[in-house]
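Novice: Dumping the structure here so I can ask a few things about it.
The values are calculated or read from the model by the stated rules, or taken from the named source; none is laboratory data. Just so it is clear, the structure is predicted and the values come from calculations on it, not from any experiment. Neighbour counts run over all protein chains shown; Cβ positions are idealised from the backbone, glycine included. Remember, those area values only see protein heavy atoms, side chains included, never the ligands or the DNA or RNA. Shrake-Rupley method; radii C 1.70, N 1.55, O 1.52, S 1.80 Å.
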Number of protein chains: 2
Amino acid sequence: MKLRVALAQVNPTVGDLVANAALVRTNFKTAQDAGAHIVVFPEMVLTGYPVEDLALRPSFQLASQRALTEIAGQLTGGCVAIVGYLDQVNGAPQNMVAVISDGQVTARYAKCHLPNYGVFDEFRNFVPGDQTLLVRIHGADIGIAICEDLWIDGGITAQLADRKPGLVIVPNGSPYERAKDDTRLALVTKRARQAKAPLVYVNMTGGQDDLVFDGDSIVVGADGAVIARAPQFEDGIAVVDIDVATKTSSPDVIISEDEVSVDRALIPGVAVRLDDREEIWNAIVVGLRDYVEKNGFRSVVVGLSGGIDSALVAALAVDALGAKRVNGVAMPSKYSSEHSISDAQAFADATGIHFRTVPIAPMVDAYMNNLVLKGVAEENLQARVRGTTLMGISNQEGHLVLATGNKSELAVGYSTLYGDAVGGFAPIKDIYKTDVWALSRWRNEIARARGEAEPIPVNSIEKEPSAELRPGQKDTDSLPDYLLLDRVLTAYVDDDQGSAALIAAGFDEALVRRVIAMVDKAEYKRRQYPPGPKVSKRAFGKDRRLPMTSRWAE
Amino acid sequence: MKLRVALAQVNPTVGDLVANAALVRTNFKTAQDAGAHIVVFPEMVLTGYPVEDLALRPSFQLASQRALTEIAGQLTGGCVAIVGYLDQVNGAPQNMVAVISDGQVTARYAKCHLPNYGVFDEFRNFVPGDQTLLVRIHGADIGIAICEDLWIDGGITAQLADRKPGLVIVPNGSPYERAKDDTRLALVTKRARQAKAPLVYVNMTGGQDDLVFDGDSIVVGADGAVIARAPQFEDGIAVVDIDVATKTSSPDVIISEDEVSVDRALIPGVAVRLDDREEIWNAIVVGLRDYVEKNGFRSVVVGLSGGIDSALVAALAVDALGAKRVNGVAMPSKYSSEHSISDAQAFADATGIHFRTVPIAPMVDAYMNNLVLKGVAEENLQARVRGTTLMGISNQEGHLVLATGNKSELAVGYSTLYGDAVGGFAPIKDIYKTDVWALSRWRNEIARARGEAEPIPVNSIEKEPSAELRPGQKDTDSLPDYLLLDRVLTAYVDDDQGSAALIAAGFDEALVRRVIAMVDKAEYKRRQYPPGPKVSKRAFGKDRRLPMTSRWAE
């Protein structure tokens, strides 16, 4: 039988039950109008995801239940909807999916495997389910699994496979990380083959705090071959006709026995994968845009130093929000080079953002005349005057401040608390310096290919990195060369290797000890840093939770 | 048989394997010299606790294993040691206890119930054990459980009870919260009765990031009656003679069959409980002292506004570190009242701390002349100039900055990011304003009782709270009366009640909606706030993890 399934790859907002219900309603209508027999929404679409400890609040559990009942009543007609929400079962929260048929909830499935590693805390927030669910719709015996259920070998999906489903449907809240699309496809393929049934994988899009959801919804056949694949990072609904065997099993719930067909089969779309740099760029743009908009800001402000980090952040903001919603501020000090202002100006000219200059000498002098500050204390003061200036502008005009630190700096603590670390969001906090250059070059290439002005001044890309907090300062005065530093950091931070493994891999011992000591010492600073989109395997923040007080010397 | 058991209520440091091993060695010697047959250390004493994601690093797992083997070899003689550490079993981390007898590890027990709520993330960090352990020592069949194992009804301690132990030993890493000693005693009593055996409960002391461990180690008889109880918050070793039945079971491991006796039974000590205010005071003092010392600081600096919050924080710092290690800075602005300086001066005079005045007008004027800042933006500017001033002094002189915000302010966001929120530690972040007053009055009473000068100026306690950021400003311009506010906050934050429950309980609906909206909006600010000792049932921070981006309206 040809079953027409709609994959609603949508972007819910955490806690906004009304808006999320509207999202479900609108997409249900679109699916129905397209002749879909079933429409599948992402994990917990009704509450948004992840809700973190909101899941533990009984008032929120009950509100989610009420919202489900209300929306169910509105989803009438022949199209069955698969809608994720937060339920309360025996007084405890569960990550649940409802099967809604003609205005009624006819079946429910609770997520059985709760991820509690990396950025996930689901064992903290939910009670696991322990049963498979098979629902017969139009004669097809359809099994449901939720996100992590799919990732566990020999778990609930193995039990589901044993029950011989005709189709497997999987709602997800699967956050982006570099190259995750490859892992995901391999997994979906493997599970479809194990279940000997086609599999529909639906993921959400959009940003939520440090997470970005990349969509990438997939339909594969029983042989694991890709039938359809939705674009990365784009909201929308994909309608796919799938060959499904009927009456393969003994279902738990029967919704309809009558088989269906489609008049004229749709050509399934298989979206082209983005290349690595475009994928990262889009992840940051989506994460940034949603953080700004879901938090009710209209615009952002960035300190433009003329350097590469702030230019990249501002370019990302322009792509996310448009130049008219981006404000750049140059804040030269007496140690600033001439090109620091001209390169900032060049960026503003190329992109058309709002731009102003606020020299910080008068403020710095006022502190210096009233306090005895030397060396690093004086360097940090300049960064803090800039932070206070940006926050003043933010408070007065309502822009969200973007922090411009990259992952290499954050890793080794090359940053000033309450200085350049000021802000509400840090777009490139999970991007190593070497990738900062690569992304900047890539964005300029795209501009050239489109016949547009290159946003990022070539001089910002090519000049030697400097914080310009004392005369002639260079990053290399304090840090190893970034090419080498980033390799050590990737091994230590992302791959969790210890010093012995790093030295055995051929890195210089003194370098390894120096870098690791810097990383370990900077834990407190990183905790105080604003959130930013997770891009790598192991981002600082929820992904990597280390004690602030620790004397462990790796 | 009378068995002599030493309870080593000690304060390990996370990650400092060498110092923690020395702590075990020293206390083992003391126990041995006192004729103890067994010495019991707290949970994970060798690594410190909680180690958070350090547990996941293979290099740390192996280092802990090596440290255990090394220390075991040094614990020779007739005294058996029960030592907690991090193990790696089949490549995975386990929260383990080793039984060490004459230089050898003779048995191991892995924690079976892993707490993953509130401040705990153990399901993330460890793989659970699944077996009871009974070890025969001097003919007594001794069962071991670790911390959370004890809290679960019908779990591993029920299995242990079924095996008829002669004695139950429980190493713990049980953090302080208000009135937890009562809960703990009730639990220990209940489990001893269930096991029909005496129970030895050993907890650590000291501060670790946001947690404070309060000791309160306990020995109860098989009838649940208290035999001995160690003081709260004090390090030390308690030696207790316990009547233990022998050969009650079939043990898993036999260390020694020969019964022992004690020449002359020791009189067990039952420490008097601290009253509620003294308990909280000590928790903060211990948490503050350890945060400063374990992080390698020598001294602290506090901005003294003349108000009650900063006076209380400075008084706590004096008790924790001594007046010579405390620096107070008055930073008057043009809106500061005369008493703001005189009250700060009075505090310095009464306590003998270092004190200086840095007027902020020149710095504020420099910003105001170069930026257009009005209203709240101007108010925040003053707080940020103070923050930058304190950080400058900190960077120049090496003091840790203490933030002075209380829980009421943090809850409703009555605080300036990068302003008064600046600092490395926030001693009273978990203390509501009404308790700020109560603790201040209590500390002055103690001083009077001791014939010492009252540290906290009466005027600071009695004046009306004001941020003094604009002429004639009062906290009540922006906030409800603190007495009422704190009651709403306790219900909403600590007791997790929703608006419906609060209104049903008789709170004014408009007030409830106003307060809850303020609390929900301030999540980002709270995330950026420095750590501070957990005192209440639900502290902000690890205890309560809510999305920054959320549109849930309670």
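Novice: Of all the C-alpha pairs in the stretch B:399-468, what % are more than 21 Å from each other?
Specialist: Numbers: 835 of 2415 pairs.
Taking all Cα-Cα pairs of the stretch B:399-468, the fraction more than 21 Å apart is 35 percent.
Novice: Here's a follow-up. Using the basic label-point model (7 angstrom from Cα toward the beta carbon), what is the residue B:62 to residue B:370 distance in nanometres?
Specialist: Simple spin-label model gives 5.3 nm for this pair.
Novice: Show log10 I(q)/I(0) for the protein assembly as shown at q = 0.04, 0.06, 0.08, 0.09 Å⁻¹, two decimals, from a solvent-free Debye sum over equal Cα scatterers.
Specialist: Rounded to two decimals, the profile gives -0.22, -0.51, -0.92, -1.16.
Novice: Let me ask you something else. Given label points at 7 Å from Cα along Cα→Cβ, what nm distances, shortest first, separate residue A:102 from the same residue in every other copy?
Specialist: Result, one decimal in nm: 8.1.
Novice: Same structure again: Can you pull the Rg over Rh of the stretch B:398-530, Cα-only, Kirkwood? Working shown, then result.
Specialist: Values: Rg = 16.3 Å, Rh = 16.3 Å.
Across the stretch B:398-530, the Cα-based Rg/Rh ratio is 1.00.
Novice: Size of the dipole of the stretch A:2-264 about the Cα centre, Lys and Arg at +1 and Asp and Glu at -1 on the beta carbon, nothing else charged, in debye to 20?
Specialist: On the way: 22 positive and 33 negative charges, 100 e Å.
Here the size comes out at about 480 debye.
Novice: For helix A:338-351, what angle does its Cα long axis make with the longest principal axis of chain A, in degrees from 0 to 90 and rounded to 10?
Specialist: On a 0 to 90 degree scale, this one is about 30.
Novice: Can you list which of the trypsin sites (Lys or Arg not before Pro) found in the stretch B:460-524 are DSSP loop residues with at most 15 other C-beta atoms within 10 Å?
Specialist: On the way: sites: B:463, B:474, B:487, B:513, B:514, B:521; in loops: B:463, B:474.
Counting only loop positions with at most 15 other Cβ atoms within 10 Å, the trypsin sites (Lys or Arg not before Pro) in the stretch B:460-524 are B:474.
Novice: Over chain A, what relative contact order in percent results from Cα pairs under 8 Å that are six or more residues apart?
Specialist: Working: 1225 pairs, mean separation 66.9, N = 554.
Once normalised by length, the contact order is 12 percent.
Novice: Plugging the Kirkwood radius over Cα pairs into Stokes-Einstein for the stretch B:296-356, at a temperature of 4 °C and a viscosity of 1.567 mPa s, what D comes out in µm²/s?
Specialist: Working: Rh = 11.4 Å.
So the translational diffusion coefficient is about 114 µm²/s.
Novice: Right, next: Please report how far the C-alpha centroid of the stretch A:11-47 lies from that of the stretch A:54-109, rounded to the nearest whole angstrom.
Specialist: 12
Novice: While we're looking at this one, here's another question. Just how large is the dipole of the protein assembly as shown about the Cα centre, in debye to the nearest 20, putting +1 at every Lys and Arg Cβ and -1 at every Asp and Glu Cβ? Don't jump to the answer; show the numbers that get you there.
Specialist: Details: 116 positive and 142 negative charges, 48 e Å.
Roughly 220 debye for the protein assembly as shown.
Novice: Let me know the volume per residue of the alpha-carbon convex hull for chain A, in Å³. Could the numbers behind the result be given before it?
Specialist: On the way: hull volume 91.9 nm³, N = 554.
Enclosed volume per residue, from the Cα hull, is 166 Å³.
Novice: DSSP loop (so not H, G, I, E, B), at most 13 other Cβ within 10 Å: list which trypsin sites (Lys or Arg not before Pro) in the stretch B:258-340 pass both filters.
Specialist: B:264, B:298, B:334
Novice: Among the residues of the stretch B:532-554, which ones have their accessible area go down by 20 Å² or more when all the protein chains sit together, as opposed to their chain alone (1.4 Å probe)?
Specialist: When all protein chains are present, B:545, B:546, B:547, B:548, B:549, B:550, B:551, B:552, B:554 each give up 20 Å² or more of accessible surface.
Novice: I've got another one for you. Would you mind checking which residues have amide H under 5 Å from residue A:51's amide H? H placed 1.01 Å from N; only 5 or more apart, or other chain.
Specialist: Result for residue A:51 returns nothing.
Novice: Count neighbours as other Cβ atoms within 10 Å of each site's Cβ, and list the GluC sites (Glu not before Pro) in the stretch A:397-472 that are DSSP loop with at most 12 such neighbours. Each step should come with its number before you reach the end.
Specialist: Numbers: sites: A:397, A:409, A:445, A:452, A:462, A:468; in loops: A:452, A:468.
Listed in order of number, the matching sites are A:452.
Novice: Above 23 Å lies some portion of the pair distances; for the stretch B:277-527, what is it as a whole percent of all C-alpha pairs? Working shown, then result.
Specialist: Details: 15924 of 31375 pairs.
Considering the stretch B:277-527, 51 percent of its Cα-Cα pairs are separated by more than 23 Å.
Novice: Report, to two decimal places, the Cα Rg of the stretch A:222-333 normalised by 2.2 N^0.38 Å (N = number of residues).
Specialist: Compactness ratio reported: 1.75.
Novice: Using Cα positions and a limit of under 30 Å, work out the lysines in reach of residue A:29, with same-chain residues fewer than 8 apart set aside.
Specialist: A:2, A:111, A:247, A:294
Novice: Enumerate the calculated ³J(HN,Hα) couplings along the stretch B:99-116 in order (Karplus 6.51 cos²θ - 1.76 cosθ + 1.60, θ = phi - 60°), each rounded to whole Hz, writing x wherever the residue is Gly or Pro.
Specialist: Calculated HN-Hα couplings, in order: 9, 10, 10, 6, x, 10, 7, 9, 7, 9, 10, 9, 4, 9, 9, 9, x, 9 Hz.
Novice: How far, in nm to one decimal, is residue B:337 from itself in the other copies if the label point is set 7 angstrom along Cα toward Cβ? Shortest first, please.
Specialist: Those separations, rounded to one decimal, come out as 5.3 nm.
Novice: If you don't mind, another one. Out of the total accessible area of the stretch B:2-264 (probe 1.4 Å, heavy atoms of protein only), what percent is carbon and sulfur? Present the calculation step by step, with values, prior to reporting the outcome.
Specialist: On the way: 4150 of 8340 Å².
Answer for the stretch B:2-264 is 50 percent, counting heavy atoms of protein chains only.
Novice: Output, in nm with one decimal and in ascending order, the distances from the residue B:270 label point to the matching label points of the other copies (7 Å from Cα along Cα-to-Cβ).
Specialist: Taking the point 7 Å beyond Cα along Cα→Cβ, the inter-copy spacings are 7.8 nm.
Novice: Moving on to the next point. Which angle from 0 to 90°, rounded to the nearest 10, does the C-alpha axis of helix B:276-294 make with the longest principal axis of chain B?
Specialist: The angle comes out near 90 degrees.
Novice: Of B:118, B:194, B:32, which is farthest on the positive side of the dipole of the stretch B:2-264, counting Cα position, with +1 on Lys and Arg Cβ, -1 on Asp and Glu Cβ, and the Cα centre as origin?
Specialist: The Cα lying farthest towards the positive end belongs to B:194.
Novice: Taking only protein heavy atoms and a 1.4 Å probe, what accessible area per residue, in Å², does the protein assembly as shown have with all protein chains in place?
Specialist: Using a 1.4 Å probe on heavy atoms only, each residue of the protein assembly as shown averages 34 Å².
Novice: Please state, to two decimals, what the Cα-based radius of gyration of the stretch B:2-264 comes to when divided by 2.2 N^0.38 Å (N = residues).
Specialist: Values: Rg = 16.4 Å, N = 263, 2.2 N^0.38 = 18.3 Å.
Computed over Cα atoms of the stretch B:2-264, the ratio equals 0.90.
Novice: Shifting gears a bit: Give the calculated FRET efficiency between residue A:338 and residue A:504 to the nearest 0.05, with a Förster radius of 51 Å applied to their Cβ-Cβ distance. Walk me through the intermediate numbers first.
Specialist: Values: r = 47 Å, r/R0 = 0.92.
That pair, residue A:338 with residue A:504, gives E of 0.65.
Novice: While we're looking at this one, here's another question. If contacts are Cα pairs under 8 angstrom and at least 6 residues apart, what is the relative contact order of the stretch A:2-264 in percent? Intermediate results must be reported in sequence, preceding the final value.
Specialist: Details: 684 pairs, mean separation 58.3, N = 263.
Across the stretch A:2-264, relative contact order equals 22 percent.
Novice: Relative to the first principal axis of the alpha-carbon coordinates of chain A, what is the inclination of helix A:180-195, with its axis defined by its Cα atoms, in degrees from 0 to 90 and to the nearest 10?
Specialist: 20
Novice: Run the helix sum for the protein assembly as shown: -39,500 (n - 2.57) per DSSP H stretch of 4+ residues, divided by residue count, reported at 222 nm to the nearest 500 deg cm²/dmol.
Specialist: -11500 deg cm²/dmol
Novice: Among A:501, A:383, A:515, which residue has its Cα furthest toward the positive end of the charge dipole of the stretch A:277-527, with +1 on Lys/Arg Cβ and -1 on Asp/Glu Cβ?
Specialist: A:383
Novice: When you look at the Cβ of every residue in B:326-337, what mean number of other chain Cβ atoms sits within 10 Å? Don't skip to the end; give the middle numbers.
Specialist: Working: counts 0, 0, 0, 0, 0, 0, 0, 0, 0, 0, 0, 0.
Whole-number average of other-chain Cβ neighbours for B:326-337 is 0.
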